[in-house]
1. Please specify each residue of segment 109-124 satisfying the condition of being surrounded by fewer than 22 Cβ atoms within 10 Å (Cβ to Cβ) and in a helix (DSSP H, G or I).
2. Met276 is checked against (1) outside any helix (DSSP H, G or I); (2) in contact with a Pro (Cβ under 6 Å, 6 or more places away or on another chain) and fails just one. What number does that condition carry?
3. Taking the conditions exactly as written (free of Cβ contacts under 8 Å to residues at least 60 places away in the same chain, in a loop (DSSP other than H, G, I, E, B) and more than 30 Å from Ala225 (Cα to Cα)), does Pro404 satisfy them or not?
4. Test Leu56 against the criterion of being in a helix (DSSP H, G or I), in contact (Cβ under 8 Å) with a residue 24 or more places away in the chain, crowded, with 24+ Cβ neighbours inside 10 Å and not polar (S, T, N, Q), and give yes or no.
5. Please list, ordered by first then second residue, the pairs with beta carbon atoms under 6 Å, 6 or more apart or interchain, first in segment 291-304 and modelled with pLDDT under 75, second in a helix (DSSP H, G or I) and surrounded by fewer than 18 Cβ atoms within 10 Å (Cβ to Cβ).
6. Select, from Asn146, Asn160, the only residue that is surrounded by fewer than 22 Cβ atoms within 10 Å (Cβ to Cβ), among the polar types (S, T, N, Q) and modelled with pLDDT under 85.
7. Gln349 is checked against (1) within 30 Å of His151 (Cβ to Cβ); (2) buried (at least 22 other Cβ atoms within 10 Å of the Cβ) and fails just one. What number does that condition carry?
8. Name the residues in segment 62-75 that are within 20 Å of the chain's Cα centre (by Cα), assigned to a helix (DSSP H, G or I) and of a type outside the set (Ser, Thr, Tyr), would you?
Amino acid sequence: MEEPVPDPSDVESTAKTQFLTSLQHPDYRRLWFANTYAGAAHWALIVARGWLVFELTDSSAMVGIVTFAAMIPRFFVSPFAGLLADRLDRRRLLAWTLGIDAAHNLLLATLAISGFIEIWHLMVLSLINGSARATAMPASGSLLPNLVPRHHLMNAIALNSATMHGTRLLGPLLIAPLLATMGAEEAFVLSAVLYFLGLFQVSLIRTPSTGVVQSEKSVLQNLLAGLHYVYHHNLLLPLIMLIVAHCSLTMSFESLLPVLAKEKLGAEGAGFSYLMMAVGAGALVAVMGLTRVQSDTVRGRLLLVAGIVSGVAPIALAFSPNLSLALIASASMGASQGSFMTLFTTIVQSTVPDEIRGRVTSISNLHIGGLMAAFNLVNGYLADFVGAPTILVVTGIAFLMALPLSCLSLHVRRLYAIGSPTMPTAT
């Protein structure tokens with residue numbers, strides 16, 4: 001008997017439905033919208049703030065210092081943020097951070113419009129913004145798995161990652177006309193509005209979500225419990241070391257792009273936005289593709305491939321002679337980095353028990369954020385002396401040299417080869 005030929009429109013509809021599976025859950029949908037608004041606001045802020053600093057100082061080193069101020073709270077705030085995410089209602093904690101971010105942007109806009117803004121203002125406000133973001137990340141990351149059933153978790157994380165990386169396109173896209181025609185001040189106002197919209201969406205979430213913090217133990221003991229879990233886990237520990245190398249060497253480029261856009265590519269503020277948009281577009285396309293990947297074997301191999309491309313893409317950007325080729329290289333950076341981070345996040349969230357998830361997420365952020373802050377600071381400083389292209393080449397090569405070291409771990413080798421459907425536990 002002849003098999004019926006499937007209708008192409010039905011296949012397309014099914015694929016689209018599979019991609020959007022997690023959005024059928026109302027509270028996840030609200031968190032997704034909140035993350036979309038907040039992500040767009042965050043990347044709009046990064047571009048506008050970076051360009052304003054570069055305009056005020058004409059120094060990549062100062063861009064690096066302000067970026068460092070925004071990122072370093074992930075080092076010293078993250079452990080306590082994770083503890084809060086396991087102790088308090090994660091919905092309310094996330095709402096508070098979005099409110100602080102909105103107020104921060106309004107103050108930044110007021111100072112910029114008044115003409116009294118100085119670099120130290122930007123540093124202090126960046127610390128506030130970074131502290132709020134360091135608190136929001138474990139709150140949001142720990143809340144997400146409570147809003148969908150376990151069999152939808154990979155789709156939910158990939159869809160959320162696609163959105164977060166897509167906002168790297170959306171945020172700069174929204175403010176590019178403002179930077180080209182008016183200035184950074186209006187971009188800060190727009191960022192504040194987006195944060196308020198995110199706050200509204202979080203206020204609609206109804207699912208309760210808290211971890212378990214043992215009240216008879218001190219704050220330090222509860223924090224150490226999270227550290228013990230990570231440092232004695234056969235897969236998480238080598239993966240976190242790998243992700244630290246990935247983020248510090250391939251993703252610490254924000255302080256380099258303003259000078260790269262202006263001096264090498266001959267573009268101004270809009271050119272900087274275009275590069276960030278390309279990174280976001282590449283990440284969005286790649287992570288959307290991951291929502292349809294079901295095989296553990298394919299995921300493991302994709303992690304390795306994404307790592308290789310993450311090292312090669314910055315080198316390609318460094319050698320790009322014009323804006324068009326630079327956009328292609330930037331999109332490749334976004335695609336590889338977005339895929340790598342999404343696969344890593346899925347492994348962590350599907351492995352860690354809910355009662356300690358906030359602390360483990362914050363410990364991951366601590367390792368990643370601390371080194372990304374340091375590398376952005378150093379990269380911005382060195383770019384004034386050796387040039388942004390040289391920094392991109394050196395860090396890209398360094399990661400390509402570090403990647404094979406991950407194969408020293410049996411569990412990571414197994415992940416690359418056959419996937420890891422059964423995760424090893426802490427010892």
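The values are calculated or read from the model by the stated rules, or taken from the named source; none is laboratory data. The shown structure was predicted, so the numbers you read here are calculated from the model rather than taken from an experiment. Positions of Cβ are generated from backbone atoms using ideal geometry, with glycine treated the same way; all protein chains shown enter the neighbour counts.
1. Answer for segment 109-124, where residues must be surrounded by fewer than 22 Cβ atoms within 10 Å (Cβ to Cβ) and in a helix (DSSP H, G or I): Ala109, Thr110, Leu111, Ile113, Ser114, Ile119, Trp120, His121, Met123, Val124.
2. Here Met276 meets the rest and fails (1).
3. No; evaluated as a whole, the condition is false for this residue.
4. For Leu56, the condition - in a helix (DSSP H, G or I), in contact (Cβ under 8 Å) with a residue 24 or more places away in the chain, crowded, with 24+ Cβ neighbours inside 10 Å and not polar (S, T, N, Q) - is not met.
5. Close Cβ pairs (under 6 Å, with a partner that is in a helix (DSSP H, G or I) and surrounded by fewer than 18 Cβ atoms within 10 Å (Cβ to Cβ)) amount to Thr291/Phe19; Thr297/Ile418.
6. Just one listed residue meets the conditions, Asn146.
7. (2)
8. If the condition is that a residue be within 20 Å of the chain's Cα centre (by Cα), assigned to a helix (DSSP H, G or I) and of a type outside the set (Ser, Thr, Tyr), then Val63, Gly64, Ile65, Val66, Phe68, Ala69, Ala70, Met71, Pro73, Arg74, Phe75 are the ones that fit.
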